[in-house]
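Engineer: Structure in structure tokens, see below.
Bear in mind these aren't lab numbers, they're just calculated from the coordinates by the rules spelled out. Treat the numbers as computed from the prediction; the structure is a model and nothing was measured. FYI the Cβ positions are ideal-geometry reconstructions off the backbone, even for glycines, and counts take in every protein chain you see.
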Amino acid sequence: MGRVNQGNQLAVKEHLLAGLPITRLEALIFFGVSNLAAVISDMRKRGFIIKSRQVSFAAAVIRVNKHAVLETPANLPVREISLTEYWLNK
């Protein structure tokens, strides 16, 4: 694991520690982290309680579009596709 990747993973951890939820889509777009599961697993091993739930792809796109522009293909069923959202339990 290179230094850049460690910095990217640290950014994801700081995002979660700030009380913000994250999906794999957001981790990839905002932080360049393609393996969010590894970050979540590491945090759980360190004693953090990470909760998860399924959210629609559309909900994740709406959150992304608050900071960037993400356009989905017109024929993509964004309400039927689900992603796992993670957040830190306080």
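Engineer: Name the residues in region 40-61 that are touching a strand residue (DSSP E or B) at 6+ places or on another chain (Cβ under 9 Å) and not polar (S, T, N, Q), would you?
Structural biologist: Within region 40-61, Ile40, Met43, Arg44, Phe48, Ile49, Ile50, Lys51, Arg53, Val55, Phe57, Ala59, Ala60 meet the criteria.
Engineer: Given the criterion in contact with an Asp or Glu (Cβ under 9 Å, 6 or more places away or on another chain), touching a residue at least 40 places away in the same chain (Cβ under 8 Å) and not basic (Lys, Arg), identify the matching residue among Leu25, Leu70, Leu36.
Structural biologist: Answer to the selection: Leu36.
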